[in-house]
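Structure, as structure tokens:
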Amino acid sequence: MTTMSRRFLHSLPIFLLMLALMSLTGFVAHRLAEQLGLAELQATGLHRLDLYSASLEREIGKYAFLPGTLGLERDVLDLLRQPDGARLAPQVNAYLEQLNERAGTLSIYVIDAKGHVVATSNWRRADSFMGEDLSFRPYFRDAMATGSGRFFGIGTTRGEPGYYLASTLVDDSRTLGVAVIKVSLDQLEKTWSTVEAPAMVSDENGVVILGSVADWKFTTLRPLDDATRSAFDQTLQYNRRALKPLGLQELAELDHGARLVRIARASPEPVSVYPVAGRFLAQSRPLPGTPWTLTVLSHLEQVDDMVQSRTALAVVGAAFIFMLGMMLDERRRHLKAKLAARAALQKAHDELERKVEERTADLSAANQQLQGEVAERTAAERTLRAAQDELVQAGKLAVIGQLATGIAHELNQPLAALRTLSGNAARFLERGDTDTARSNLERIGHLVDRMGNITGQLRAFARKSSGKAQPVALCRAIDNAQALLEQRLRQSRAEVRRHCPLPEPFALCDANRLEQVLVNLIGNALDAMDDVPDPCIELDVTVAGDRVRLSVRDHGPGLADEALAHLFEPFFTTKSAGAGLGLGLTISAGIVRDFGGTLTGANHPEGGAVFTLDIPLADETARHE
Ligand code: ADP
């Protein structure tokens, strides 16, 4: 599965969840916003209703007392009271004309108890009401019956719509007639010029008599039956106007008498500053003192807009909160992972540190052990060195043992000569031959010196040396070795060929031990040439760089294969018991190694064995010391 599809599958439930949450939020927000919007609209509507009805009442109230005040006019009462009252008509007419003008009403007139107009403000006009029978008019009838009448109607004479206010004219509890004031609706409508929403006033028949939309006037809010229509024809209330329906359809009943209504689109479309078709919230209230109803319409479009925008806002907000939540969750998870990683790292670090500590402890233990071992090794080496020193010494003593017979022989001869010379010396002294005695004594002195030399050399050789390296004159060391072996050399009649370069080279070693090595090598050479007719030993010293090489070659049979293989092994010897221990070369090699040199044995191409010493050359300063 690819990473993409895995990620998609992982985020699909989250996406669906978000979608569900958004839908739910949208639904709830829509409902709430709608309710809220309607409530707000209702509140605004109620406020408008209050405002508009107050202004209407004020406007109507202004004229309410006007018809009644006519009853205070003597002329008016006389006109109705006296049989010849008609003569007062011109006077009253003039008065009414004046009053009408001042009050700004449409017309003011007086009707007698039978319903005939006896005086009117419009008496001058050709279509004046004078003499007209208005007994059929409901306001007249109402006034005659109850004392006052109010009526909306369209004038029968001029077809002018107006509001009729009627009041009885009474004289000593006798009804003389009715005073009527007709107020133009335009007057009332003027107050509505500033309304912000469509409003209308409908009369008791459901006919719109006043509307903020001009075209709504004389439309019906509910269907009229034939009986009602024929009644209108009788009273001429609407002066036979068509009375088309407004097209208002009730959708739902709400609280506080509010309704949801729809007004159908009319053609031609009425001219208006606000929408006149569509869904509205209709709120109505009866106008006090009239049979009329004031209705304020609030268009639902603004609520719809608001509901939509609030719903959208809620949905977007929900999505945002959801995503924020997701982000926070992601962040929390990320943080958790980070903390876990850090903890793991810390753990690994601690583990590492613990291991390092462990290893360090191990290491120090190992170090201690190693130190112990080194100490042990040093002690062992010391023991070994001591043993080796002992061995060297033993080797020396062995050589001395070998030399002993020769030396004894060497000393015997001067001792015998000493005895003879000393005996002779005594006799010459007795004879008085002091000269000969002196010469004898001098020879005795020489012999003693020679014997002292021999023993001195032996002592020097036998001495335990320190083994400390110091510059040693090589040729002198060879001299000493030769001197020690003088008797054997003489006995074997071996020729010694020496080659020593000049200036004499100095080797960095111990003189005594070097002599021991040389005595060993020369001794072995002499042993090897026992049966050779012309024994010859070649001693060669050469300098190469910072090394000096000393070779001892004999003209014997050379080294056998077995001897070559085991030459430097202790106790390897081909000699008869008592003649050799097989330690000579072992000790010699050890001595040379101690000076930082090597001892090798080989066969010379022209026959015989050749042993080569390779030791460090002492430097100039050391040599001068
Ligand atoms: P040893 O002289 O007591 O035998 P060495 O260690 O000096 O002990 O010599 C070991 C052996 O090496 C001798 O026994 C001999 O076989 C052989 N060897 C040493 N030097 C020579 C030589 N110059 N020629 C022939 N063989 C030799």
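For segment 554-595, the set of residues classified as more than 10 Å from the ligand (Cβ to nearest atom) and either touching a residue at least 40 places away in the same chain (Cβ under 8 Å) or more than 21 Å from Lys396 (Cα to Cα) (or both) consists of Asp561, Ala565, Gly590, Ile591, Val592, Asp594, Phe595, listed by residue number.
Condition check ((1) without any contact (Cβ under 8 Å) to a residue 12 or more places away in the chain; (2) of a type in the set (Gly, Ala, Ser); (3) touching a strand residue (DSSP E or B) at 6+ places or on another chain (Cβ under 7 Å); (4) open to solvent by less than 30 Å² (accessible area, probe 1.4 Å)) across all residues:
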residue: Lys396; (1), (2), (3), (4): no, no, no, yes
residue: Ala404; (1), (2), (3), (4): yes, yes, no, no
residue: Ala408; (1), (2), (3), (4): yes, yes, no, no
residue: Leu415; (1), (2), (3), (4): no, no, no, no
residue: Thr434; (1), (2), (3), (4): yes, no, no, no
residue: Gly456; (1), (2), (3), (4): yes, yes, no, yes
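Pick from segment 596-616 the residues that are within 8 Å of the ligand (Cβ to nearest atom) and over 24 Å from Asp389 (Cα atoms): which of them is farthest from the chain's Cα centre (by Cα)? So that I can check it myself, show each step before the final result.
Start the filter on segment 596-616 by keeping residues that are within 8 Å of the ligand (Cβ to nearest atom), which leaves 601, 608-609, 611.
Next, from what is left, pick out any that are over 24 Å from Asp389 (Cα atoms): 608-609.
Values: Gly608: 88, Ala609: 85 Å.
My answer is Gly608.
Looking at the structure I just gave you, is Val110 open to solvent by less than 10 Å² (accessible area, probe 1.4 Å), of a type in the set (Val, Ile, Thr) and either modelled with pLDDT under 85 or in a strand (DSSP E or B) (or both)? Let's see the steps before the verdict.
On the way: open to solvent by less than 10 Å² (accessible area, probe 1.4 Å): yes; of a type in the set (Val, Ile, Thr): yes; either modelled with pLDDT under 85 or in a strand (DSSP E or B) (or both): yes.
When the stated conditions are applied, Val110 passes them.
Note on segment 458-472: residues that are modelled with pLDDT of 75 or more, surrounded by 14 or more Cβ atoms within 10 Å (Cβ to Cβ) and not small (Gly, Ala, Ser) total 3.
Is it the case that His604 is open to solvent by 20 Å² or more (accessible area, probe 1.4 Å), in contact with a Lys or Arg (Cβ under 6 Å, 6 or more places away or on another chain) and over 22 Å from Asn512 (Cβ atoms)? If you could, list the steps in order and put the result at the bottom.
Values: open to solvent by 20 Å² or more (accessible area, probe 1.4 Å): yes; in contact with a Lys or Arg (Cβ under 6 Å, 6 or more places away or on another chain): yes; over 22 Å from Asn512 (Cβ atoms): yes.
Yes, satisfied.
Test of understanding: among Leu328, Leu313, which residue is more than 18 Å from the chain's Cα centre (by Cα), open to solvent by 100 Å² or more (accessible area, probe 1.4 Å) and within 30 Å of His30 (Cβ to Cβ)? None of the other options fit; the residue is Leu313.
Would you mind finding the one in Val496, Val532, Val517 that is of a type outside the set (D, E, K, R), within 16 Å of the ligand (Cβ to nearest atom), touching a strand residue (DSSP E or B) at 6+ places or on another chain (Cβ under 9 Å) and in a loop (DSSP other than H, G, I, E, B)? Write out each step before concluding.
Details: Val496 fails: in a loop (DSSP other than H, G, I, E, B); Val517 fails: in a loop (DSSP other than H, G, I, E, B).
Only one candidate passes the filter, namely Val532.
In this structure, Glu34 does not satisfy being touching a residue at least 12 places away in the same chain (Cβ under 8 Å), of a type outside the set (Phe, Trp, Tyr) and over 17 Å from Asp255 (Cα atoms). Within segment 62-88, the set of residues being free of Cβ contacts under 8 Å to residues at least 40 places away in the same chain and of a type in the set (Gly, Ala, Ser) comprises Gly85, Ala86.
The values are calculated or read from the model by the stated rules, or taken from the named source; none is laboratory data. Computed from a predicted model, the values in this text were never measured in an experiment. Don't worry about glycine lacking a Cβ; one is built from the backbone with ideal geometry, like all the others, and counts go over all protein chains shown. The accessibility values were calculated without ligands, DNA or RNA, using every heavy atom of the protein model including side chains. Shrake-Rupley method; radii C 1.70, N 1.55, O 1.52, S 1.80 Å.
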